[in-house]
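Report on one structure; see the data block that follows.
The values are calculated or read from the model by the stated rules, or taken from the named source; none is laboratory data. Note that the structure is a prediction, hence the values are computed from the model and not measured. Cβ sites come from the backbone with ideal geometry, for glycine too, and all protein chains shown count toward neighbours.
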């Protein structure tokens, strides 16, 4: 499973309450069915994190190192496109020869295709996909690998069926309400461009946060204070994606070389664009560093690299270490976002900050 090794791509999901005591029985009631019964369509159900065929869900099988570790399995039989095309063509040629025709009408080709599918599907091996998640009992959040919205919708519907509730993906708006009891959608948008000070901007909390974080990192020598009193190193690097729905190109992507110090990056900021995606490194010290890609509009986390941690550990200890590092990353990330919110929700503080960002845009170094 993706949370056990390597880099991690995920969403955070905020829940209204903790898992019920009988969570294992609830997931077991919606476990994945037998693959022998799989015919047409997609089969969905829960399996443990041990492997995609493990449908025996109990607290013992579904937990590792004190964490719930389950996956929504999606199974489907499919005929490979190349095989389907070849089989259809074989039957089309045979029918054309038998009837002495130079071509077949669309309806005849459709009937042949359906017949080939009906014949081949039962013999096709099932294709398995999984949407794993991890959850620490007692918490009101979990981490899930469902990044695209269609995948998330499928996952959340299955979670709702199993538990009776699911929660909300931790978007900037959801976290703004959770941390500051504020609906960020009600705030006026802001222009960070000194050349577009009076232009109306749509509110974009995630992009404002990421651009603010870049500004703070560059103007504070890469060190930002956390609420606990310690400081975290912050580095914002490319590839950089900028976005602004105005005249000209909405989207600009800068990569290779050092796009963060390029003339093109400055031009994007001057044109009213805000940073939508970037690579971020958070560092407490040399041993504790997290590097990840952030998609700011929905707070999608891509390829999070956790600290190396201790040396050789058994599987359970290694997994626990990774989960503790993941939770530590969350605390730092939310701390930084809350620091942004503390300024964003106060009109005077935000006005002053926007003025500082405009000066940074105007004066920041830009070289080819």
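Restricting the search to region 34-58, which residues are in a loop (DSSP other than H, G, I, E, B) and loosely packed, with under 14 Cβ neighbours inside 10 Å?
Of everything in region 34-58, those that are in a loop (DSSP other than H, G, I, E, B) and loosely packed, with under 14 Cβ neighbours inside 10 Å turn out to be 34, 39, 40, 41, 51, 53, 56, 58.
Kindly establish whether residue 85 is surrounded by 11 or more Cβ atoms within 10 Å (Cβ to Cβ), in a loop (DSSP other than H, G, I, E, B) and outside the structural domain of residue 40 (by TED's automatic domain parsing).
No.
Please work out which residue is nearest to residue 242 (Cα to Cα), limiting yourself to region 278-319 and to residues that are in contact with a helix residue (DSSP H, G or I) (Cβ under 7 Å, 6 or more places away or on another chain) and free of Cβ contacts under 8 Å to residues at least 24 places away in the same chain.
So the residue we want is 307.
Scan region 265-276 for residues that are part of a helix (DSSP H, G or I), out of contact with any helix residue (DSSP H, G or I) (no Cβ under 8 Å at 6 or more places or on another chain) and surrounded by 15 or more Cβ atoms within 10 Å (Cβ to Cβ) and jot them down.
Once the filter is applied, which keeps residues that are part of a helix (DSSP H, G or I), out of contact with any helix residue (DSSP H, G or I) (no Cβ under 8 Å at 6 or more places or on another chain) and surrounded by 15 or more Cβ atoms within 10 Å (Cβ to Cβ), region 265-276 yields only 268.
Give region 173-185 a look and list any residue that's without any contact (Cβ under 8 Å) to a residue 40 or more places away in the chain and farther than 23 Å from residue 273 by Cβ, or say none.
Answer for region 173-185, where residues must be without any contact (Cβ under 8 Å) to a residue 40 or more places away in the chain and farther than 23 Å from residue 273 by Cβ: 177, 181, 183.
Restricting to region 118-147, name every residue that is in a helix (DSSP H, G or I) and touching a strand residue (DSSP E or B) at 6+ places or on another chain (Cβ under 8 Å).
Residues satisfying the conditions are 121, 122.
Would you mind finding the one in 327, 331 that is assigned to a helix (DSSP H, G or I), without any contact (Cβ under 8 Å) to a residue 24 or more places away in the chain and closer than 30 Å to residue 67 by Cα?
One residue alone meets the criteria, 331.
Sort through 344, 364 and tell me the only one that's more than 29 Å from the chain's Cα centre (by Cα), in contact (Cβ under 8 Å) with a residue 24 or more places away in the chain, more than 20 Å from residue 13 (Cα to Cα) and surrounded by 13 or more Cβ atoms within 10 Å (Cβ to Cβ).
So the residue among 344, 364 that is more than 29 Å from the chain's Cα centre (by Cα), in contact (Cβ under 8 Å) with a residue 24 or more places away in the chain, more than 20 Å from residue 13 (Cα to Cα) and surrounded by 13 or more Cβ atoms within 10 Å (Cβ to Cβ) is 364.
Starting from residues that are in contact with a strand residue (DSSP E or B) (Cβ under 7 Å, 6 or more places away or on another chain) and surrounded by 19 or more Cβ atoms within 10 Å (Cβ to Cβ), keep the ones in region 313-325 and report whichever is farthest from residue 214 (Cα to Cα).
That would be 319.
Of the residues 34, 9, which single one is touching a strand residue (DSSP E or B) at 6+ places or on another chain (Cβ under 6 Å) and either in contact (Cβ under 8 Å) with a residue 24 or more places away in the chain or at negative phi (or both)?
The match here is 9.
If you scan region 100-117, which residues turn out to be exposed (fewer than 10 other Cβ atoms within 10 Å of the Cβ) and either at negative phi or touching a strand residue (DSSP E or B) at 6+ places or on another chain (Cβ under 7 Å) (or both)?
102, 103, 105, 106, 107
Is it true that some residue in region 15-22 is under 21 Å from residue 151 (Cα atoms) and not in a loop (DSSP other than H, G, I, E, B)?
No, every residue in region 15-22 fails to be under 21 Å from residue 151 (Cα atoms) and not in a loop (DSSP other than H, G, I, E, B).
Quick one: would you say residue 71 is free of Cβ contacts under 8 Å to residues at least 60 places away in the same chain, part of a strand (DSSP E or B) and under 30 Å from residue 22 (Cβ atoms)?
Against the criterion (free of Cβ contacts under 8 Å to residues at least 60 places away in the same chain, part of a strand (DSSP E or B) and under 30 Å from residue 22 (Cβ atoms)), residue 71 does not qualify.
What about residue 338, is it in contact with a helix residue (DSSP H, G or I) (Cβ under 6 Å, 6 or more places away or on another chain), under 21 Å from residue 146 (Cβ atoms) and not in a strand (DSSP E or B)?
No, not satisfied.
With respect to residue 66, determine if the residue is touching a residue at least 60 places away in the same chain (Cβ under 8 Å) and more than 17 Å from residue 28 (Cα to Cα).
Spelling it out, residue 66 is indeed touching a residue at least 60 places away in the same chain (Cβ under 8 Å) and more than 17 Å from residue 28 (Cα to Cα).
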